[in-house]
Amino acid sequence: GQVRYSVAEEAKVGTVLGRLWQDVGVEGGDVEARRLRVVWQGRRAGVEVSGASGALVVSSRVDREELCGKSAACSLRLELLLERPLRVFHVELEVTDINDNAPLFPAARKNISIAESSLPGSRFPLEGASDADIGANAQLSYTLSSSEHFRLNLQKSNERSNVPDLVLTKPLDRETVPVHRLLLTASDGGRPSLTGTVELIISVLDANDNAPHFNQSVYKVQLLENATAQTLVVRVKATDPDEGSNSEVTYTAMNFIPPSGEDIFSVNPHTGEVRLTGALDFEEVSVFDFRIEARDKGTPPLSSHCSVELEVLDVNDNAPEVWVTSLSVPVPEDAPVGTVVALLSVSDRDSGANGRVSCWVRPASPLAVESRLLGSYSLVLREALDRERVWEYEVEVFAEDGGQPSLRASRGVRVPVSDVNDNAPRFSQAVYTVLCRENQGAGAEVARVFARDPDEGSNGRVRYSLWEGAAGERAPVGGWRPASSYVSVDAESGVVWAVQALDYEEVQVVQFEVRAVDAGEPALVGNATVQLFVVDENDNAPMLLPTTGGGGAGLVPPLSPVAGTSLEAVSGQESETLWAWASWGGPAGQVVAKIRAVDADSGYNAWLRYEVLEPRGKGPFRVGVYSGEVSTARALEEADGPWQRLVIVVRDHGEPSRSATATLSVSLVEGGEKALAAAGSSSVSGLLLPGEGGTAGVVSSWTNVWLVVSICAVSSVFVVSLLLYGACRW
């Protein structure tokens, strides 16, 4: 609502105008805590709020005439602001007039020349007094000192003032009384009444007995306030029936109300044209009254007067004014729709449609202007805020009046948005696929994860942790083990470290979840899955398998490695010794023995090939490159001796290659019966019979085929994994 107070001008300093805290419904003890204060709109008066009592008191001299001039109503608008919570009350302060200004004449003395030929009843206009007060205090009455020749007559010039005329009641005789001295007194209607005086010095002149005469007594004119200098206001015309110099008329402007009109208008003394010499301002003065005197050049000169009433018409020459009376920033991004951000005061000094103002906000934003009372607006939220999208709004509040053309003004308002923890950390990838070579030492960096939180300050600080859930994410190894036994995550940087060296033969994939938690209240969480693929290294040498039964060559306890061979430079298994037999005269391609070996690695690192290391060159025996079958390269002869010693190396395809060697001793016999006899009498187990050797060779060939197929399949899976990882990273 709106509270009204009234104060008389010139009230004593300290005068209490009203108890604000009672009128606005605030507890007396809350006045200082809620910071009750006054915000003026436009003109300011000498009143303030007492901080202790919460009363509106006079703080300095209050002069109604200085604040409002001649305006009939003198009302000042102000706003009372209360904080915690923010409330605003509109107060209208009416300043009432007292009779503190006496009537004032333009001059202390007035010289008047009157021809002695003037007839009784002749009127002589006098300059009236002015009173800065209003109403009854400015209603003037006039009295004239006693005289047998003159009396006073009041002439109503318009609805607002009376003008005194001096009326001749008895013919003058210059020879008897050449000069008459009278005292004109102006009294106002105040209580007590104040007075002002002017001395009239009347000189009686002879001759010229016809005064000029205006064609109309009152000229009413309307003029736009934006009229330029030298604009013709009105042309007055007075005629004099006399002849010669007695009929030559000159014009003079006088008795301006308000007196400032003397600097705004001028009259051409010869033509009677009234022109504008200053600037008009409807907001300062809307009506000017003045009189024009037409005086002839007779002796004595005669004169007559007419009135000019000029009404100033308003034009839209004042742009609206916008003030920010209160601003509550920054605004939390979770502030509800309808939250008041700022209080605005808008005014326009023009009147009518020129003074009607509308407001809006640009550019488009979640902020809008709402009208509260006449000239008072609120800047409120109409949409929810998001600091991560827009952290600050720079808006302009525009005010436009209803004039033609319209005028507008603007006021910039900066509204920063404060952060709340409304965004969880978010990883750059939902799933991280990482390749890690086996045998990297503990503490080696195997991966790096990153989560971004768009919030500000502590709400955006992220810490990482390895989350194993209720039962923990576990890696499928021999016996399930938690992921934390393999890796750990740096809380600050998100770097994933190896806790121990990873062994491909023990674990091929470690899958775990990394959790990112911000420092907000309450804390928000983001998750990402890390799939760690262990890449095989060639860290296992081939290992020879023992032969069971009579299906292959016999394996005896290992002997010392073969000396003098170039393969000794490559790491490998110690040489094993095998025993087999072959018959002289047998055809080429006879399978003598089969060497079997395995490699704990995978892929190319486990793909084995067999070579004859000794004897070098073309010997009687050869070995299958991938099958390991030892067969005759040609028909055996007695010249080949009773036995042959072969050194066979088994190597993988890794980088660097690893190998193992086996020594095969082949006894050469004459035929199958002798071989059987030898087999029956031999104490060496594992002697390979020809029939058994052929059957075992076929089985071993199929085993090697499936081994090659398995190796190719594993290699294909590995290549596909690399391609998928590269695609995900891209």
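The values are calculated or read from the model by the stated rules, or taken from the named source; none is laboratory data. Just so it is clear, the structure is predicted and the values come from calculations on it, not from any experiment. Glycine gets a Cβ as well: all are built from the backbone with ideal geometry, and neighbour counts include every protein chain shown. Surface accessibility is based on the protein's heavy atoms, side chains included, excluding ligands, DNA and RNA. Shrake-Rupley method; radii C 1.70, N 1.55, O 1.52, S 1.80 Å.
Of note:
- Only one of the numbered conditions (1) exposed (fewer than 15 other Cβ atoms within 10 Å of the Cβ); (2) touching a Phe, Trp or Tyr at 6+ places or on another chain (Cβ under 6 Å); (3) not in a strand (DSSP E or B) is not met by residue 360, and that is (3).
- Answer from 77, 44 - the residue that is modelled with pLDDT of 75 or more, open to solvent by 50 Å² or more (accessible area, probe 1.4 Å) and either assigned to a loop (DSSP other than H, G, I, E, B) or not assigned by the TED database to the domain that holds residue 287 (or both): 77
- The range 285-322: number of residues that are buried (at least 16 other Cβ atoms within 10 Å of the Cβ), in a strand (DSSP E or B) and not charged (D, E, K, R): 13
Yes/no matrix, rows are residues, columns are (1) more than 22 Å from residue 295 (Cα to Cα); (2) in contact with a helix residue (DSSP H, G or I) (Cβ under 8 Å, 6 or more places away or on another chain); (3) of a type in the set (A, V, I, L, M, F, W, C):
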position: 211; (1), (2), (3): no, no, yes
position: 216; (1), (2), (3): no, no, no
position: 219; (1), (2), (3): no, no, no
position: 232; (1), (2), (3): no, no, yes
position: 243; (1), (2), (3): no, no, no
position: 258; (1), (2), (3): yes, no, no
position: 270; (1), (2), (3): no, no, no
position: 279; (1), (2), (3): yes, no, yes
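- Complete set of residues in the range 229-243 that are open to solvent by 60 Å² or more (accessible area, probe 1.4 Å) and within 25 Å of residue 296 (Cβ to Cβ): 232, 235, 237, 239, 241, 243
- Across the range 455-465, the number of residues qualifying as part of a loop (DSSP other than H, G, I, E, B) and either at pLDDT 90 or above or among the small types (Gly, Ala, Ser) (or both) comes to 1.
- Sole residue being open to solvent by 50 Å² or more (accessible area, probe 1.4 Å), outside the structural domain of residue 117 (by the TED database) and of a type outside the set (D, E, K, R), chosen from 246, 226: 226
- Qualifying residues in the range 492-521 (those that are of a type in the set (Phe, Trp, Tyr) and either open to solvent by 10 Å² or more (accessible area, probe 1.4 Å) or touching a His at 6+ places or on another chain (Cβ under 8 Å) (or both)) - the one modelled with the highest pLDDT: 497
- In the range 148-174, the residues that are farther than 17 Å from residue 122 by Cβ, touching a strand residue (DSSP E or B) at 6+ places or on another chain (Cβ under 9 Å) and in a loop (DSSP other than H, G, I, E, B): 157, 158, 160, 161
- For residue 374: the one exception among (1) exposed (fewer than 14 other Cβ atoms within 10 Å of the Cβ); (2) within 26 Å of the chain's Cα centre (by Cα); (3) farther than 30 Å from residue 730 by Cα: (2)
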